[in-house]
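First comes the structure, then the notes that go with it.
The values are calculated or read from the model by the stated rules, or taken from the named source; none is laboratory data. This structure is a prediction, so every number in the text was calculated from the model and none was measured. So basically every Cβ, Gly included, is an ideal-geometry build from the backbone, and we count neighbours across all protein chains shown. Ligands, DNA and RNA are excluded from the accessible area calculation, which covers all protein heavy atoms including side chains. Shrake-Rupley method; radii C 1.70, N 1.55, O 1.52, S 1.80 Å.
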Amino acid sequence: MSVGPFQVFDETIEAMGKGTLGDLTATSLTAVLLDASYSADLSNHAAFADISGNQITGGTYAPLNITGAVYNDITGGFNFDTADISWGLNATIPDCRYLAIVVGDSTSLAPSNLVIGFQDLITEGGSVSATNGEFTVQAPAGGWFEVTRS
């Protein structure tokens, strides 16, 4: 099973450039899981309303607050990283294909909350799930995304 790269939405990149995104280490971030029918639109998806119709339901799944957000210095810039995202060792997660990171608290997501980006959890197609087992999405080794000068 191959996991794809984290893809940052254009609106998020624009907000970084304008300085309106804010400090991601000082705000609530939420992980949501999306079904296989989600069709990413990097140019036009920006808000939770753009993805919420594809959020999975059922089992023990619920949107999850993300912990451990940090900026790491790298040559020519920084990367953004978090702790691994885990729904636990006894999770029952229905079929899903994508992880999205949303700015906001998991208990009060609003349609206007900014979506930072998404990751394909199984690039070969299909879906992943768990039945009374572990369901964890590991943060990429180099962070979710990096900002560097070219």
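Table for the structure above
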{"item": "Reciprocal mean inverse distance between Cα atoms of region 82-150 - Kirkwood radius, Å", "result": "13.9"}
{"item": "Spacing of the two label points (7 Å from each Cα toward its C-beta) at residue 112 and residue 147, in nm", "result": "2.3"}
{"item": "Simple spin-label estimate for residue 41 and residue 27 in nanometres, 7 Å along Cα-Cβ", "result": "2.2"}
{"item": "CD proxy at 222 nm, helix term only [per DSSP H run n ≥ 4: -39500 (n - 2.57); per residue of the chain; nearest 500]", "result": "-1500 deg cm²/dmol"}
{"item": "Total formal charge among the other residues, if their Cβ is under 15 angstrom from that of residue 3, Lys/Arg +1 and Asp/Glu -1", "result": "-2"}
{"item": "Label zone at residue 132, where the point sits 7 Å out along the Cα-to-Cβ direction: region 33-58 residues whose backbone N lies under 20 Å", "result": "58"}
{"item": "Carbon plus sulfur fraction of accessible area for region 10-70, probe 1.4 Å, in percent", "result": "47"}
